[in-house]
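The values are calculated or read from the model by the stated rules, or taken from the named source; none is laboratory data. The structure presented is a predicted model; accordingly, all values stated were derived computationally and were not measured. All Cβ positions, even for glycine, are placed from backbone atoms using ideal geometry, and neighbour counts span all protein chains on display.
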Amino acid sequence: MTERPSAPPPNRRRASTPVPAAPPGRAAATRGSKPEPVAPVRAPKNARVRAATPSSHESPAPPATSVSVRPPRPPVKGGSPKEARPARPMSRHFRALQLLAGAAVVLIASTAVAWGARRYIVSSPRFAVRTVLVDGVQRRTAEQVASSGGIEVGKNIFTLDLELASASISTDPWIERATVIRKLPSTIHVSVVEREAQALVAIGGDLYLATRDGELFKELAEDDPVDLPIVTGITGEQVARDRAGVVIAVRRLLDVVEDMERAGLARRYPIQELHVERDGSVVITIGKEGIALHLGQPPYRDKVGQAARVLTELAQRKASASVIFLDNDAHPERVVVRMK
């Protein structure tokens with residue numbers, strides 16, 4: 001006899017296997033649909049990652065590991081990262097030493113070049129003096145001027161001290177000033193300004209040459225000019241006590257000579273002597289007859305004009321005077337003539 005299976009009890013449901021809940025953000029899978037891929041969750045840097053609880057549709061997670069993240073090293077040219085070493089900052093003292101060493105090298109090189117150039121310049125025959133040009137001389141020859149300045153033909157042109165040569169040439173009393181210049185490669189040019197004697201000044205028993213400015217520059221020598229007006233009445237004590245005053249007095253007398261030349265008086269009656277009295281008044285002796293013109297105190301230009309008119313009138317009368325007084329400052333229009 002065959003037994004039938006017992007029927008299930010009424011109102012009883014079948015036990016089903018519990019389905020795990022879907023993780024947040026993901027819908028539950030329905031029957032007959034494919035499971036959606038699960039996006040991997042990235043762990044934060046330098047943090048431990050716990051394995052997720054495996055679901056029925058995923059493979060088990062790998063065991064927990066510790067991950068350390070380091071910044072990448074910069075690439076090293078010509079070597080592996082192991083060979084790269086950070087450059088140490090250069091110290092200030094080392095940089096200063098480098099700068100000093102460079103400056104010393106430059107200085108030594110420059111000095112060597114300059115020394116070599118100077119040696120060539122002072123020893124090369126190209127720069128030997130071959131020509132000496134001298135202009136402006138009358139009382140001295142070109143050879144005398146060059147010799148007094150130490151200028152020699154054949155001497156190196158750069159070894160000549162131009163200022164010293166000018167000063168040496170100017171020691172000659174006839175030479176007022178001298179200028180010496182180089183004209184490369186082998187010429188020296190000397191320009192000279194000579195003094196010009198305008199009068200002889202008697203001081204004591206000696207005669208001195210004077211310029212137009214009244215400067216006493218030289219004692220009369222054998223080869224010096226003597227056809228000049230003679231200034232008398234100045235003593236050695238006056239020169240020692242007041243040389244500037246003596247220069248002014250001589251210059252004033254030469255102004256009178258210039259006025260007489262302008263008036264034509266000096267041509268007819270050459271000036272023989274210019275005398276200075278103790279009080280500073282002036283007496284001029286002119287002509288072969290030795291006529292004395294007493295001019296008194298300055299100014300003298302109008303007095304010279306009066307003397308020229310008086311002498312012209314006397315010449316017309318064929319009279320000869322020995323003294324003409326033009327020193328009446330109170331009445332300058334009055335002229336007194338002493339006849340011979």
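Things worth noting here:
- Test: residue in the stretch 284-298 that is in contact (Cβ under 8 Å) with a residue 40 or more places away in the chain, under 53 Å from the mean Cα position of the chain (by Cα) and closer than 26 Å to L207 by Cα: yes
- Residue in the stretch 99-119 that is touching a helix residue (DSSP H, G or I) at 6+ places or on another chain (Cβ under 8 Å) and loosely packed, with under 14 Cβ neighbours inside 10 Å present: no
- Subset of the stretch 196-213 [among the basic types (K, R) and either assigned by TED's automatic domain parsing to the domain that holds E152 or farther than 16 Å from V247 by Cβ (or both)]: none
- Applying the set (1) outside any helix (DSSP H, G or I); (2) surrounded by 13 or more Cβ atoms within 10 Å (Cβ to Cβ); (3) without any contact (Cβ under 8 Å) to a residue 40 or more places away in the chain; (4) outside the structural domain of Y300 (by TED's automatic domain parsing) to T171 leaves exactly one unmet item: (2).
- The conditions of being surrounded by 15 or more Cβ atoms within 10 Å (Cβ to Cβ) and either assigned to a loop (DSSP other than H, G, I, E, B) or not polar (S, T, N, Q) (or both) are met by R212.
- Residue-level analysis places Q138 among those that are free of Cβ contacts under 8 Å to residues at least 60 places away in the same chain, of a type in the set (S, T, N, Q) and surrounded by fewer than 10 Cβ atoms within 10 Å (Cβ to Cβ).
Let's see how each residue does on (1) at pLDDT 95 or above; (2) touching a helix residue (DSSP H, G or I) at 6+ places or on another chain (Cβ under 6 Å); (3) closer than 25 Å to T141 by Cβ:
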{"position": "V193", "(1), (2), (3)": "yes, no, yes"}
{"position": "T211", "(1), (2), (3)": "yes, no, yes"}
{"position": "E222", "(1), (2), (3)": "no, no, yes"}
{"position": "P225", "(1), (2), (3)": "no, no, yes"}
{"position": "R251", "(1), (2), (3)": "yes, no, no"}
